[in-house]
Structures are given as structure tokens and as C-alpha cells.
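The values are calculated or read from the model by the stated rules, or taken from the named source; none is laboratory data. This structure is a prediction, so every number in the text was calculated from the model and none was measured. In this analysis, Cβ positions are derived from the backbone assuming ideal geometry, glycine residues included, and neighbour counts consider all displayed protein chains.
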Amino acid sequence: MNIADSVVDIIGQTPLIKLGPLVEGLTEATVVAKVEYFNPGGSAKDRLAVGMINAAEEAGLLKPGGTIVEPTSGNTGVGLALVAQQRGYKCIFVCPDKVSEDKRRVLQAYGAEVVVTPTNVEPDHPESYYSVSDRLAAEIPGGFKPNQYANPAGPLAHYQTTGPEIWSDTEGTVTHFVAGVGTGGTISGTGRYLKEVSDGRVRVIGADPYGSLYAGAEHARPYLVEGVGEDFWPEAYDPSIPDEIITVSDAEAFAMTRRLAQEEGLLVGGSCGMAMVAGLEVAKKASKGDLIVVLLPDSGRGYLQKIFDDGWMTQHGFVHPEAVGPTWGQRVSSLQPAVVTRTRDDSGDQRLAALEETGRQVGVVTHAEAPLQPGEINGVFHRDAPGETYGPESVLTVGYGQEYDPAALADYQAAAVMRDGQVVAVVTSDEVN
């Protein structure tokens, strides 16, 4: 009988699925997806979790009845909780307060405790989720922090499982491997194995969001695609493994994510769309007989209220619905108002100086960095009255491609216009007609 002893025993051996409509007429190469949502926890992070826990047990860092403490809000937490639950460990996950309630509930459903910390603090602040996780791991008897960003067991798990699976399932014919770069474990471990077993024949390509440091950006810039890219260099990442890094915008990633569901029946997350955009760029230049494997790390079920929600996509300027009349984008193009992001604690003089320095008329008040969510816009201020700030309840968020409707501002003082997840303009109520 083929019966697993526990869910941990079915981690790995995820399928390769050949793409059809998405690549038709695009390339003579074969493009396949390695679909990691077939893991029991729904993502490639299950491999990382079991690898880190196995290594900690072998090193005596995690003992019976111990507590795993990790700063995470997503797939790594689910994987750790899944394995920990089967082996009798407790889990405490530290999440920033911007993490959705749904994500916290998933972790709690596996029996984990969730500690919420403020988002708007520096990484070295005592209340940051990095600092809080360090403190809890040190204070709790039997506490252990896996630290996926620096733990060598992460890349090793992919070297021992993901790479061999791809090589075996393609019978050694894989020519290109494409994956998003997050902590660096997947691409480093899988890529190293494939390069070694093929004597360097397999090319390894990383997909990265615009604004991440992996692709060579001098300064990190925030982006909306989740679970990939970094603003620092994780120790788990080996920069010698990728032969190329392809940058992908949020707009490209989200559009491809929706296409994967609608054309290939693959309901996956935004980082999967990002990886596939890079994969198709590789495919366009590939030759007949090439076999391109694109790793899709997770499911799209956690993104139903974002990427797969037309309202969210339109509001953030990613979807431009058919408009009968002028759009908000056309309206702000004629007004040419611009935006400067300042902190809530700035004085009126500081705000005015910033506006004058940039030649801008209107500024957004926020506690976060762009790209901004509607709830992160605390208000707006104007050159004529920089000391006065409209509250968040007075700011309407609209998409660049939405039909312009001045009546929508009847109950608001201003509208923040979004394009591809960025605030590109602010229109105050006295500027509409």
C-alpha cells in the first residue's frame, strides 16, 4: 500500500506541467512549470522548513518540546508550522502589523502563536519584527530561530530535492532553470545541483522585481509582488549561481499571474507570474529542443482579494477598464499635480520646503514607503496650506485608468491616483470640475 505516515512525508516530488496556450507561437522550445503548490503546505517553502528543522535537530539546536521562533507572515511560516506540528514543537511567528488577518489566521490554524509588531520602525528598533523574534528566541527556554535568510539548510534542501527532481523528471534534458529570487535558497540550491550534474550546461536565470538589489539596483525601491526580491544580501543567496537576472515589474507579474489561471488552469501567486514573465523572455531567445523549467513557488488562493480582484487591480492602476469618458489619468495629466511622500511628524515648514524643492503642489502623508496601500495613506497636504493635513478618511483612492467622476469626490477632500501600484498624483476637491 502507498500510504504516507504524515503530511511531512509527501513534501516534494511536485509535478512538471507543459505549458500550452501561453507559449503558442512564441517559441520552438518547450516550457514547463514546476508547480510547488502541490506540496502539503501549498508552497516550495515546505522543503525549506523540513530542511531547516532536520538540520537543527541533528545539530542539537532544537530539542524535544522546543519552540521555533521566526519572523514570517507567509509560506515559510506555514511550512514550519506544518512540520513542527507533526514533531511536537511549538511555533511563534512574528508578523508586522500590515500583514493581513487572513494570513495570521492560517498560521494560527496550524496551532502557531502570532505576535504582531509595528511596521513603521527601523529594522534595528527594539519593536521591529527582526528584533522581537531575536529577543523571544533568546528568552524562551528551548527557543530556536531558523533564520531562513542565513540558514545554509535552505539552499541544501533544494540541492537535495528540487534539483534532483527536475533532472530526473526531464531525464537530464533540461537546458534552462528559471526561478524568482527571494531568500536565495531555491535558486542557489537548485541551480547549483543542475549546474553540477550537467557539467555547467544548464543555464540558471533569476527573476527579480524592479527595485530589488539582486538585479543591481543601487537603492532598493518597494514593490507589491510578495515573497521575492530583497533590500539586503541574504547569506543563503549565492550570486555565482545565476547566469542572468531578469527584472519584472509589478504590472507584468500580476498580468501574467492572471493569464496563468485563465489560460493554463494554474492558480498561482504573484511571484509565480513574475518568474513566468522571465521564463517567457528566455523562451523567446531559446532554440528548438531547449527545455525551460520555470519554478512556480506557491498557490494563488492567498491573493484572491488582491491580484485576482478586479476592484483592487483597478484601484491600484493595474487594470484599465473600458471608460466611456475621460479617465483620472487624463485628468491628472492636464493638471500635472505631483506627489511627495513625507512622514506624519514633519512640520508645515518642512513640507513646504520639500514641495518647493521639487516644484510640486501636493504631498501625500504616509507612514510607509511607496507603493502604498489605501490604508497607508494618512492624508494629503497642499502648497497653500502645508500645515493642514486631510485625514485618511478624506482621501479617495482611484486607478489611473478609471473613468473620471468628479462626483466621487463629493465626500472626500482629495483623490490619490494610482498607476501600477504607485501614487502618481493627488487631485484636491477644489481642482475638479
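What is the one condition in (1) part of a loop (DSSP other than H, G, I, E, B); (2) at pLDDT 95 or above that Gln148 does not satisfy?
Result: Gln148 fails condition (2) only.
Across segment 1-48, what is the number of residues that are assigned to a helix (DSSP H, G or I) and touching a residue at least 40 places away in the same chain (Cβ under 8 Å)?
Number of matching residues: 10.
List the residue pairs whose Cβ atoms are under 7 Å apart, where the first residue sits in segment 146-164 and is assigned by TED's automatic domain parsing to the domain that holds Glu57, the second is among the basic types (Lys, Arg) and assigned to a loop (DSSP other than H, G, I, E, B), and the two are 6 or more positions apart or on different chains.
Cβ pairs passing all conditions: none.
Can you pull out every residue in segment 361-389 that is assigned to a loop (DSSP other than H, G, I, E, B), modelled with pLDDT of 65 or more and crowded, with 21+ Cβ neighbours inside 10 Å?
Matches in segment 361-389: Pro386, Thr389.
Residues of segment 121-141 being β-branched (Val, Ile, Thr) and either exposed (fewer than 11 other Cβ atoms within 10 Å of the Cβ) or outside any helix (DSSP H, G or I) (or both), which ones?
Selection gives Val121, Ile140.
Given the options Gly42, Gly77, Gly12, name the one that is among the small types (Gly, Ala, Ser), surrounded by 24 or more Cβ atoms within 10 Å (Cβ to Cβ) and more than 30 Å from Lys288 (Cβ to Cβ).
Gly77
Taking segment 174-212 as the search range and keeping residues that are charged (D, E, K, R) and more than 20 Å from the chain's Cα centre (by Cα), which one is surrounded by the fewest Cβ atoms within 10 Å (Cβ to Cβ)? Spell out the reasoning first.
Applying the first criterion (charged (D, E, K, R)) to segment 174-212 yields 192, 195-196, 199, 201, 203, 208.
The next check asks that each one be more than 20 Å from the chain's Cα centre (by Cα); those that pass are 192, 195-196, 199, 201, 203.
Details: Arg192: 19, Lys195: 19, Glu196: 12, Asp199: 7, Arg201: 11, Arg203: 21.
Only one residue tops the list, namely Asp199.
So, Ala338, is that one at pLDDT below 75, closer than 29 Å to Ala255 by Cβ and touching a helix residue (DSSP H, G or I) at 6+ places or on another chain (Cβ under 8 Å) or not?
Against the criterion (at pLDDT below 75, closer than 29 Å to Ala255 by Cβ and touching a helix residue (DSSP H, G or I) at 6+ places or on another chain (Cβ under 8 Å)), Ala338 qualifies.
Say whether the condition of being in the same structural domain as Val174 (by TED's automatic domain parsing) and buried (at least 21 other Cβ atoms within 10 Å of the Cβ) is met by at least one residue in segment 24-33.
Scanning segment 24-33, I find at least one residue that is in the same structural domain as Val174 (by TED's automatic domain parsing) and buried (at least 21 other Cβ atoms within 10 Å of the Cβ), so the answer is yes.
Residue by residue through segment 274-303, note down the ones that are farther than 19 Å from Glu244 by Cβ and in a helix (DSSP H, G or I).
Selection gives Arg301, Gly302, Tyr303.
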